[in-house]
Amino acid sequence: MSIKSDKWIRRMAQEHGMIEPFVERQVRGADASRVISYGVSSYGYDVRCADEFKVFTNIHSAVVDPKNFDEKSFVDIKSDVCIIPPNSFALARTVEYFRIPRDVLTICLGKSTYARCGIIVNVTPLEPEWEGHVTLEFSNTTNLPAKIYANEGVAQMLFLQSDEACEVSYRDRGGKYQGQTGVTLPKA
């Protein structure tokens, strides 16, 4: 298994639609714009989050249960920024839609800019032949409100290619998150 470079990522995005929309070079803000970087990096792709957020709240005293998820446990927000309350959690989705090749495992990691502010992005794999918008999970580990910016970089995808294709892919298994769009809640 080998980690893939910027050249491989560009080729896979252009020839196979692996990432759409695709930003061919890393976009970085000038001092005045201060954009958190996104697009192709040396050995990965920095994704952006869309302007759709689900912020967890305890207004209705709901219990978070992955087998029986209560939609009263969060509030929907559509905005260029999301304020996550102290010691709380939010869901978002990537702007980018992914189509992972059968011989590739993709790993989503948080960006250091957010980690240095106490905002942790869940490490999660995108399995071979999975496709969709990635649902991102943000934890605010601080005792202060924390801000997430839509349409700017929030996480990095690393692509690991095997020397052989897997026997059974996510698509073959009929994975429950296949083809997801929007912020997708847990499915039992």
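Derivation of every value follows stated rules applied to the coordinates shown; laboratory data play no part. Everything numeric in this text was worked out from a predicted model, so none of it was measured. Backbone-built Cβ (ideal geometry, glycine too); neighbour counts: all protein chains shown.
Checking ILE107, ILE77 one by one, the residue that is farther than 18 Å from PHE53 by Cβ, in a strand (DSSP E or B) and either in contact with a Phe, Trp or Tyr (Cβ under 9 Å, 6 or more places away or on another chain) or aliphatic (A, V, I, L, M) (or both) is ILE107 and no other.
Looking at GLY118, is it over 27 Å from LYS78 (Cβ atoms) and either surrounded by 15 or more Cβ atoms within 10 Å (Cβ to Cβ) or under 17 Å from the mean Cα position of the chain (by Cα) (or both)? No. Please enumerate the residues belonging to the stretch 137-162 that are in contact (Cβ under 8 Å) with a residue 60 or more places away in the chain, in a strand (DSSP E or B) and among the hydroxyl-bearing types (Ser, Thr, Tyr). Across the stretch 137-162, the qualifying residue is only TYR149. Any residue at all in the stretch 172-185 that is more than 13 Å from the chain's Cα centre (by Cα), surrounded by 15 or more Cβ atoms within 10 Å (Cβ to Cβ) and not in a loop (DSSP other than H, G, I, E, B)? No, the stretch 172-185 has no match at all. Selection of the stretch 38-53 for residues being surrounded by 12 or more Cβ atoms within 10 Å (Cβ to Cβ) and hydroxyl-bearing (Ser, Thr, Tyr) yields TYR38, SER41, TYR43, TYR45.
The rows are residues; the columns are (1) acidic (Asp, Glu); (2) in contact with a Cys (Cβ under 7 Å, 6 or more places away or on another chain); (3) crowded, with 19+ Cβ neighbours inside 10 Å; (4) under 26 Å from ILE19 (Cβ atoms).
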| site | (1), (2), (3), (4) |
| --- | --- |
| ASP70 | yes, no, no, no |
| VAL104 | no, no, yes, yes |
| CYS108 | no, no, yes, yes |
| THR113 | no, no, no, yes |
| PRO128 | no, yes, yes, yes |
| GLY132 | no, no, yes, yes |
| THR135 | no, no, yes, yes |
| PHE159 | no, no, yes, yes |
| CYS166 | no, no, no, yes |
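Restricting VAL35, VAL63, VAL23 to those that are of a type in the set (A, V, I, L, M, F, W, C) and either buried (at least 17 other Cβ atoms within 10 Å of the Cβ) or part of a helix (DSSP H, G or I) (or both) reduces the list to VAL23.
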